[in-house]
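A short write-up of the structure that comes next.
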Amino acid sequence: AVVDVAIQDYVADVASELIYQNKSPVSTEVLFVFLLGPNMAIYSFQACSEDAKVQAMLQDEAQPLHEATGGWENLEYLQDQSQYLGEVFACFLGTLSPGRELVVTLRYVQELPREPDGAAHFALPPTLHPYTKLYGRAFALPSAMFFLAAWNCLTGKLPYSLLLTASLQSPRGVADLQANFTLTPLIYTAQDHSAAQVSLAGSPPSQNDLELLVYFGDPAAVSAVVEKGDPGAPPGSLLGDPMVLVTLAPSIPEAVPGQRQSGEFIFLLDTTFLEHAQVPQLSRDQDGHSLLFLLKSLPLGYYFNIYCYGETSVGIYPQSVEYTQDNLTEAMRCIPSTCSSLGDTNLLGTLRSVYNTPRPRGHARQLFIFMARLPPDKEAIAAEVCRHRNSHRCFSFCFSEDSAALAIALARETGGDATYVSSDNTMTTVVLKCLKRALKPAAQGVSLSWTLPRGLEVEVLGGTPQSIFQGQHSLLYAQIHGKAQDTTVAKGIMTLQYSLDGQDVTHMIQFPLCPQRDGRLAGHRLAARCLLKRLLPEAASGSGDEPRHRAAEISLTSRIICPFTSYVGVRTSQRVTWYQRPLAWLPPRQSLVPCQIVELHGSREVSSCFPVPIWVPPGWLMAVCDSWLALRRLTHAIAALPQ
């Protein structure tokens, strides 16, 4: 495998080439599977053999190029038997003869998580480094099936080679690099240390993921990096205009003891949960004790409110009130009567009530959502939270396994935490951990302004967060439109303003309008992904065809999938065919093969490592058909809601 990684601050673009060989004495049918990690998007895939080339292409759902392919029963078996939980990219690559090779080229972009010390954390997906002990066993397939690529992990020796190179860039400078494998010395390719290169030295580790920690010059800082547009794209388009990658990670000190703190805590309680946490039982019921502990642990100066949701949603107070002993006592007194009047879960309506309530000025909003069961409209709930992601942070507590995925999605979208509360995981411990993080200070009233030459303007795709909490960072995408009237001005200025402990703070960052290096459009593609998420609720709500058409256009031009587009595998024969009577050459024959994103329903406790590609003997074609499950169901759910 050959892997080329380009990391620019907290954005990565990965280009990989994988070579597989059929060492079996019989022909095999091949299904390629790639795990999709968080904040990751594939933008290019193709596989070539001596006989054919398979390329994954996006198509508009409103104008499909193909009909559904057969093989649903095998797809269902694949989904149900996998020990992995989550989405994967899967593409059927046809039959590979004995001794023949298959070359797979895969490219993807990803937003990288930020470690508490400010490092960008990159991990090589298991598809590109399949060391795992579960290799060859991730699917509990029938005994007639086998994995040609399976290897004996007991030998500790990998049956493949890996060539890994990484280029690193940051206007703050590349300060250091740490890895759990041997690296070549860091080579700086810019005098100001804003660019560097490094490679894997020797063989990759046989028992671990490959992980990189990239440290920049100032981990707590604000930066702006300009990425050139695609010269082949028209001016004014998403890919044609320059993109500014904005990192907001301001230094937020710890709160001074005794200093008055600020914040708004809103608790959303499922009625099923409340059945075990009513006031008369608080002293002896574990859940009730934990809830009371949470409510009594808020500092003075905060605002709070409690919503009980069932068939309808009811707030204890019309809007949040200041946290005092009297207000807390009144709230706890009202919970039993409120709970008894509610029926089935209606979290969606409760969230809309919360979002329609004004936030106290100068107080960052945080939601504590308790889910005893999975709400029926989970896709619409996720879309509603996404719509308001810049205005709050969610901490989700789920008490059933079926609601875990939704809890994780809500927390991930807003930068919070999600916890599955089981019998072995006491709620008091969980609540204390989340509360400790929620009480961290935050920068309030965040705003961005821009100083650019006349003729240029900036559009922040996805909006700007209202608050930034301690230990968090925000990665924003801002596009520069227009044409500068004064070409002698080479730099622009971004101004970040926010309030911290009642004091106004200002950061001014200069950035070049014409970057020297040509990028791989990683920022543009991730910006497209961000914009698609923002367009999704509007496009699916039935408010005209324009949002849907725009979303499909952005998806097709950026090659980032969305609910209104889907993959189709185009297989082109590499063989040349001649007619002898009369002598004539026929163009390469094309056909369509299954290629799609699939949701697997496995155990969450199994390692995320995954054996790929999967090699299946003839007759066991794992067809992956027309389904991009999670977001597509989301759009259908929103469209079905009453307007």
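Descriptive notes on the structure:
- Filtered trypsin sites (Lys or Arg not before Pro), the range 388-468: DSSP coil and at most 11 other beta carbons within 10 Å: R454
- Rh (Kirkwood; distinct C-alpha pairs) - the range 422-509, Å: 16.1
- For the range 345-375, trypsin sites (Lys or Arg not before Pro) meeting the loop criterion (DSSP other than H, G, I, E, B) and having at most 13 other Cβ atoms within 10 Å: R361.
- Distance between the range 190-222 and the range 461-506 - C-alpha centres, whole angstrom: 26
- A full extension of the chain between D501 and S251 corresponds to an added length of 88.7 nm, given 0.36 nm per residue minus the alpha carbon distance.
- Gyration tensor (alpha-carbon) shape descriptor, the range 337-476, a/c threshold 1.5: prolate
- Cα gyration tensor category, rounded, prolate or oblate, for the range 226-269 with a/c compared to 1.5: oblate
- With R₀ fixed at 41 Å, the C-beta to C-beta distance from S24 to Q63 puts the FRET efficiency at about 0.50.
- Pairs beyond 20 Å (Cα-Cα), from K228/K483; K296/K440; K483/K533: K483/K533
- Taking a ≥ b ≥ c as the square roots of the eigenvalues of the Cα gyration tensor, an a/c ratio of 1.5 or more together with a/b no larger than b/c marks the range 178-264 as oblate.
Only the coordinates and a few stated rules stand behind these numbers; no lab work does. These figures come from a predicted structure and were not determined experimentally. Note that each Cβ is placed from the backbone with ideal geometry, even for glycine, and that neighbours are counted across all protein chains shown.
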